[in-house]
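For reference, the structure discussed in these notes is given below.
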Amino acid sequence: MCIRDRYEALLYLSRFKFTSEHLKYIQAVMPYAEPEFFAYLEAMDMGSVKIHAVREGKFIFPKEPALTLEGPLGAVQIIESTIINLTSYPTLVCTNAVRMRVAAGRKTKMIEFGLRRGQGPVGATMGAKYAIMGTFEGTANTLLGFLSKGEIPITGTMAHSYVISFTNESDLGELRKLKGIDLVDRANHYRNELNWTHTNYSELLAFLNYASCNVEGYLALVDSYNTIESGVKNFLITALVLAEVGVKPVGIRLDSGDLSELSK
């Protein structure tokens with residue numbers, strides 16, 4: 001495991017305090033408790049609690065203590081669950097990120113795309129942060145880029161909803177032309193020349209439109225309809241058109257199917 005995130009645990013401890021609102025609620029659900037108990041909670045802080053932890057980012061083995069709390073039993077029991085949550089989730093994501101890095105190698109650029117399946121908006125944003133800690137180079141989570149004040153690079157591609165939103169050539173509008181070249185005309189030229197007229201035409205239009213908007217970052221999502229028979233071929237058609245204006249595509253994105261087989 002790759003251990004993270006002691007900072008969040010220390011921040012939690014430094015700010016820990018039962019407010020009057022907290023105490024009022026606890027009194028309502030525990031009316032049988034003695035007044036001394038609530039006075040005890042009101043006076044409680046974590047100043048006497050000590051944390052012993054392995055160095056952040058260090059690898060540890062099963063059954064090896066990652067973090068130990070030392071302090072008054074009552075205080076430690078109250079914060080136990082939160083401390084475990086603040087360290088186990090970061091450690092989980094960071095460890096998985098590192099395992100992906102080991103599998104992919106140092107030369108492969110890895111981008112985090114976990115927002116849609118994260119544990120809620122906050123959990124997803126924090127998960128993206130921990131993926132970056134685990135050697136990912138960027139994220140599609142714009143909020144994290146903002147919160148990091150630009151230190152964490154943001155990137156992304158087109159969405160399936162974007163690809164399927166195109167219906168005819170008029171959808172491109174002024175973006176039909178790039179550096180004086182009619183993208184649709186040139187794409188149809190290559191489409192006919194390669195005898196790939198069976199590809200999904202609306203998908204091709206979406207690719208051309210995206211390429212016109214993102215000249216230096218054209219990366220196509222190719223599995224909206226048929227990955228091999230439509231998406232990849234439409235990507236290649238668009239790449240040939242871009243080559244005429246001196247632009248090299250970044251690559252493709254696969255979201256479904258047998259990723260191992262399709263990526264070969």
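Of Lys107/Lys149; Lys109/Lys248; Lys17/Lys63; Lys179/Lys233; Lys58/Lys109; Lys50/Lys149, which pairs sit farther than 20 Å apart, going by alpha carbon to alpha carbon?
Violating the 20 Å limit, Cα to Cα: Lys107/Lys149; Lys17/Lys63; Lys179/Lys233; Lys58/Lys109; Lys50/Lys149.
Suppose only helical runs count, i.e. DSSP H with n ≥ 4. What mean residue ellipticity at 222 nm does that imply for the chain under -39500 (n - 2.57) per run, divided by all residues and rounded to the nearest 500 deg cm²/dmol?
It comes out at -14500 deg cm²/dmol, rounded to the nearest 500.
Label region 114-206 by shape, choosing from rounded, prolate and oblate, from the square roots a ≥ b ≥ c of the eigenvalues of the Cα gyration tensor; if a/c is under 1.5 it is rounded, and otherwise prolate applies when a/b is larger than b/c, oblate when it is not.
Taking the square roots of the gyration eigenvalues as a ≥ b ≥ c, region 114-206 is prolate.
Rounded to the nearest 0.05, what FRET efficiency do Ala53 and Arg117 have when you use their Cβ-Cβ distance and R0 = 35 Å?
Plugging the Cβ-Cβ distance into 1/(1 + (r/R0)^6) gives 0.75.
Efficiency by 1/(1 + (r/R0)^6): what FRET value for Asn214 and Glu42, r their Cβ-Cβ distance, R0 = 45 Å, to the nearest 0.05?
It comes out at approximately 0.20.
Where a ≥ b ≥ c are the square roots of the eigenvalues of the C-alpha gyration tensor, would you call region 117-158 rounded, which needs a/c under 1.5, or, failing that, prolate if a/b is larger than b/c, or oblate?
rounded
What does the charge add up to near Lys107, with Lys and Arg as +1, Asp and Glu as -1, over the other residues with Cβ less than 12 Å from its Cβ?
Surrounding charge for Lys107 is +2.
Sorted by accessible area (1.4 Å probe), largest first, how do Ser230, Ser263, Ser256 line up?
The ordering from most to least exposed comes out as Ser263, Ser256, Ser230.
Calculate, for region 123-264, the solvent-accessible area per residue in square angstrom, rolling a 1.4 angstrom probe over the heavy atoms of the protein chains.
49
Would you mind classifying region 58-130 by shape? Square roots of the alpha carbon gyration tensor eigenvalues, ordered a ≥ b ≥ c; an a/c under 1.5 is rounded, otherwise it is prolate if a/b is larger than b/c and oblate if not.
Cα axes put region 58-130 in the oblate bin.
Starting from the Cα-Cα distance between His189 and Ile228, subtract it from 0.36 nm times their residue separation and give me the gain in nm to one decimal.
12.0 nm
Pull up the DSSP beta bridges for the chain and report the antiparallel fraction as a percent, rounded to 5.
55
For Leu178, which sequence-distant residues (separation of 5 or more, or a different chain) have an amide H within less than 5 Å of its own amide H, given hydrogens modelled in the peptide plane?
Leu183
The values are calculated or read from the model by the stated rules, or taken from the named source; none is laboratory data. Computed from a prediction, not measured in an experiment: that's the story for all the values here. Glycine also receives a Cβ, built like all others from the backbone with ideal geometry; neighbour counts cover every protein chain displayed. Side chains are part of the model used for accessible areas, which takes the heavy atoms of the whole protein and leaves out ligands, DNA and RNA. Shrake-Rupley method; radii C 1.70, N 1.55, O 1.52, S 1.80 Å.
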